[in-house]
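Notes to accompany the following structure.
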Amino acid sequence: MEECISLDEQICPTKARSYMKQYLPMKPHKWGYKLFVLCGSSGYAYDFEFYTGNENNSFERLFYSEPDFGATGNVVVRLTRSIPINMHHKLYFDNYYTSIPVMAFLENRKIHTVGTFRANRFFGVPIDDKSMLKKPRGTSEEFITVYENVPITAVGWRDNKVVKVASTYVGEVPTDKVKRHDRKTRTNIEVTRPQCINIYNKHMGGVDMMDSMIGRYRINIRTKKWYMKCFYHLLDMTLVNSWLIYKKLPGNRLTLAKFKEEVSVSLCQQYKKPTRGRRSSLENQLIKKKKKTNSSYTKR
């Protein structure tokens, strides 16, 4: 498993009438079945889970001896079971999943986390959006706390809007410079950026990369069966994962489109049915020989 892993939502696009259908306005396909996917920074999908409602399986938590973190926190805990503990993997997620108890729980397993957060989930963090928007662009503030013997940093950065990131292993320093466009002067300026923002932007796009590779050559089949849509979406994920493994071997240079074509041709050749039409001359000769041998046996 890769060192840097991201957790995000994915859409299996459909407009069928189903209680499972969700609306996500920030996705390219806004209507469909929602999945929670655990991806590496290369786009390889390690684990996934379909969203079927606000479900909290208490028996499953007791079996794994896991605490109850609510609906979104339990999704993170379930998907991170496949991550090896005490191996110092880095997990990245957005403000939908970020909470202090979940970050402390994962840190005790030596799984370091970075994620944006909402102000209503981090009570007591004195990052005020109104006061920071009055400050110059590139201003950042850092606050540190300890929860269950786990140090957690919260950084607020003033860009076009206030970006708030929490982490258990990286903070504000060392800072770097990034170019931004200034509307007032209509020129590009250099803005100071905290280290946690830089790392989050660099490794958070694993699920989006998987979405882009699936969307290039998606299997488009019109069907009214919801499970067929899910099946073909998972087949697309499997083919993308196979192509990413294929590229790691030396000498393999097939593109994703050519790779899917080769897979489809090989499957059709292996399980092909007998073709209809006229028989060949060789087949006619073999049939005549069989008829002669059968007739000779009947005469005897």
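The values are calculated or read from the model by the stated rules, or taken from the named source; none is laboratory data. No experiment lies behind these values; they were computed from the predicted model shown. FYI the Cβ positions are ideal-geometry reconstructions off the backbone, even for glycines, and counts take in every protein chain you see. For the accessible areas, the whole protein counts, side chains as well, though only heavy atoms, and no ligand, DNA or RNA atoms are used. Shrake-Rupley method; radii C 1.70, N 1.55, O 1.52, S 1.80 Å.
Just give me the residues in region 129-141 being under 11 Å from Lys164 (Cβ atoms) and among the charged types (D, E, K, R), in sequence order. Show your work before the answer.
At the first step, the residues of region 129-141 found to be under 11 Å from Lys164 (Cβ atoms) are 129, 132, 140-141.
Scanning region 129-141 gives Asp129, Glu141.
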Within region 163-183, the residues that are farther than 30 Å from Asn108 by Cβ and hydrophobic (A, V, I, L, M, F, W, C) are Val178
Subset of region 1-21 [within 22 Å of Arg216 (Cα to Cα), at pLDDT 85 or above and surrounded by fewer than 16 Cβ atoms within 10 Å (Cβ to Cβ)] = none
So, first residue under 17 Å from Tyr44 (Cα atoms) in region 209-228, second residue assigned to a loop (DSSP other than H, G, I, E, B) and open to solvent by less than 100 Å² (accessible area, probe 1.4 Å), Cβ within less than 7 Å, six or more apart or across chains; the pairs are Met209/Gly43; Met210/Gly43; Met213/Gly43
Answer from Tyr96, Tyr46, Tyr51 - the residue that is within 23 Å of the chain's Cα centre (by Cα) and either within 19 Å of Ile197 (Cβ to Cβ) or basic (Lys, Arg) (or both) = Tyr96
Pairs, please: C-beta under 6 Å, at least 6 apart or cross-chain, first residue of a type in the set (S, T, N, Q) and in region 170-193, second exposed (fewer than 10 other Cβ atoms within 10 Å of the Cβ)?
-> Asn188/Lys179
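Given Ile199, Ile219, Ile189, which one is more than 25 Å from the chain's Cα centre (by Cα) and either under 28 Å from Phe36 (Cβ atoms) or of a type in the set (A, V, I, L, M) (or both)?
Values: Ile199 fails: more than 25 Å from the chain's Cα centre (by Cα); Ile219 fails: more than 25 Å from the chain's Cα centre (by Cα).
Among Ile199, Ile219, Ile189, only Ile189 is more than 25 Å from the chain's Cα centre (by Cα) and either under 28 Å from Phe36 (Cβ atoms) or of a type in the set (A, V, I, L, M) (or both).
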Which of the residues that make up region 155-212 are surrounded by fewer than 15 Cβ atoms within 10 Å (Cβ to Cβ), of a type in the set (Ser, Thr, Tyr) and in a helix (DSSP H, G or I)?
-> Ser212
Could you tell me whether Lys134 is over 24 Å from the mean Cα position of the chain (by Cα), over 30 Å from Arg216 (Cα atoms) and open to solvent by 20 Å² or more (accessible area, probe 1.4 Å)?
-> yes
Checked region 218-239 for anything modelled with pLDDT under 90, open to solvent by 70 Å² or more (accessible area, probe 1.4 Å) and not hydrophobic (A, V, I, L, M, F, W, C); matches are Asn220, Arg222, Lys224, Lys225, Tyr227
Give me the pairs, please: first residue somewhere in region 250-270 and over 17 Å from Ile219 (Cβ atoms), second residue anywhere and at pLDDT below 90 and exposed (fewer than 12 other Cβ atoms within 10 Å of the Cβ), beta-carbon distance under 6 Å, and either six or more positions apart or on two chains.
-> none
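Across region 22-77, what is the total count of residues that are of a type in the set (D, E, K, R), surrounded by 16 or more Cβ atoms within 10 Å (Cβ to Cβ) and at pLDDT 85 or above? Let's see the steps before the verdict.
Step one: of region 22-77, the residues of a type in the set (D, E, K, R) are 27, 30, 34, 47, 49, 55, 60-61, 66, 68.
In the following step, the residues that additionally are surrounded by 16 or more Cβ atoms within 10 Å (Cβ to Cβ) were identified as 27, 34, 47, 61.
Next, only the ones that are at pLDDT 85 or above stay: 34, 47.
Result for region 22-77: 2.
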